[in-house]
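Down below is the structure, laid out as structure tokens.
The values are calculated or read from the model by the stated rules, or taken from the named source; none is laboratory data. Being a predicted model, the structure only gives us computed values, none of them experimental. Note that we place each Cβ from the backbone using ideal geometry, even for glycine, and neighbour counts take in every protein chain shown.
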Amino acid sequence: MTQAECARKNIITPEMKKIAKDEGLKPEFVRRQVASGRAVILKNSSRRAVKGWSVKGVGQGLSVKVNANLGSSPDRSDVLTEKEKLKAAIRAGADTVMDLSTGGNLREIRKMVLEKSTVPVGTVPIYEAACRALRSSRGIECMESEDMLRSIEDHAKEGVDFITVHCGVTRATAKVLKKQKRIAGIVSRGGAFIYEWMAKRGKENPLYERYGDILDICYRHDVTISLGDGLRPGSIADATDLAQLGELSVLGKLAAKARLKNVQVIIEGPGHVPINQISRNVELQKKTCGNAPFYVLGPLVTDIGAGYDHITCAIGGAIAATCGADFLCYVTPSEHLGLPDAAEVHEGVIATRLAAHAADVARGLEKAVKRDLAMSVARRKFDWAKQEKLSIDPKRFRERLRKSVSESGACTMCGKYCAMKHFNQ
């Protein structure tokens, strides 16, 4: 049985107990959230045990989770580099990772990630099917529906915990997109693959037509479906347009079908969204998709942050999560510019973790509120060791502090004129 099926039969699984313990909640609360579809447990039943592996829950009432994207490209495809990026993501505190590789030996990279990752792993199986077709020189249109489903089945058997499938890019939503005359067009790689395939073959999206078969595969392995937003806006000028909303409507219907099959489901969201539209986007998703967990890329709140898009992402992520988004996908400083290295992966994870924590505080999660309070008390007491332990990045804290403590015991910002020191005295 899947986690959803157990939850609906009033069975509290070991995974539910572990999540409840980690989050400071009651197991029955976690069970109810999973049963209703408001939360999911990211764990493939076929997953091989990895030492130190930690199960994660995503959804309403749980802490906001952070995902880090990894993966090769046709220009850079070194397994050892991906291994370093994976280590960096986990050290920085990512709750999950996704392997989005499109270059080199995709299976070898995925195998390494699954063997080394101590957090749930996600993939986008259409990438592998499309890359195989494009490498054959016959073009993406040579893919058949069986090729796409075979990739999904392979990933599920290998132990992938959640998969993105772009089922909402249909012939109907594609027509809407054509009329939109978007600034950025399609920025989702999976969405672009499907759109091109439909245009060249003149047929409906196989991932949409054979959604029932995909659900069967996911049920057998308890893989959580992440319904991808292939038409997400890649420019704030395109945000909340008819193409995006049309796809969201399709995803809402598909989410309901997944629940009927006892398959766990989350919904992916934008993208590039100005601050004043974020709340509305979250509200629409929750209403349209029956309160399924919302997984957002950012959202990035401006288009001019190249080189600093981990910051534009964190701004949007904090607001989206405060409004009800459940799962934040990080962005690194290299977004829009190139493939990130391990250092940039670290920076991206930390920025998005700060956004997630800020939202947890705003939402009143006791564990998050207590941590901030403890940090404030440690600052008042000049307890540097406690501050280091509580900080989001203890290594960065140590590096900065080593250069900064003055003879007065305060930091070099104020030295002997430190306001708190004088107040304490």
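So here's what we get for this one:
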| item | result |
| --- | --- |
| Filtered residues of region 253-268 (kept if in contact (Cβ under 8 Å) with a residue 60 or more places away in the chain and either charged (D, E, K, R) or more than 14 Å from HIS166 (Cα to Cα) (or both)) | ARG259, ASN262, VAL263, GLN264, GLU268 |
| Qualifying positions in region 130-162 - farther than 12 Å from CYS218 by Cβ and acidic (Asp, Glu) | GLU141, GLU144, GLU146, ASP147, ASP154, GLU158 |
| Residue that is farthest from SER73 (Cα to Cα) [pool: residues in region 330-339 that are touching a residue at least 24 places away in the same chain (Cβ under 8 Å) and surrounded by 24 or more Cβ atoms within 10 Å (Cβ to Cβ)] | TYR330 |
| Output for region 272-299, where each listed residue is within 14 Å of the chain's Cα centre (by Cα) and assigned to a strand (DSSP E or B) | PHE294, TYR295, VAL296, LEU297 |
| Long-range neighbours under 7 Å by Cβ, at least six apart or interchain, first residue within 16 Å of ARG232 (Cβ to Cβ) within region 276-296, second among the basic types (Lys, Arg) and buried (at least 20 other Cβ atoms within 10 Å of the Cβ) | PHE294/LYS286 |
| Condition met for ARG107 (charged (D, E, K, R), part of a helix (DSSP H, G or I) and outside the structural domain of ALA342 (by TED's automatic domain parsing)) | no |
| Considering residues of region 70-106 that are surrounded by 16 or more Cβ atoms within 10 Å (Cβ to Cβ) and among the basic types (Lys, Arg) only, the residue farthest from GLN285 (Cα to Cα) | LYS83 |
| For VAL405: the one exception among (1) modelled with pLDDT of 95 or more; (2) of a type in the set (Val, Ile, Thr); (3) more than 36 Å from the chain's Cα centre (by Cα) | (1) |
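One line per residue, one yes/no per condition, for (1) free of Cβ contacts under 8 Å to residues at least 12 places away in the same chain; (2) surrounded by fewer than 24 Cβ atoms within 10 Å (Cβ to Cβ); (3) of a type in the set (Val, Ile, Thr):
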residue: ALA39; (1), (2), (3): no, no, no
residue: ASN44; (1), (2), (3): no, yes, no
residue: ALA49; (1), (2), (3): yes, yes, no
residue: GLY52; (1), (2), (3): no, yes, no
residue: VAL64; (1), (2), (3): no, no, yes
residue: ALA68; (1), (2), (3): no, no, no
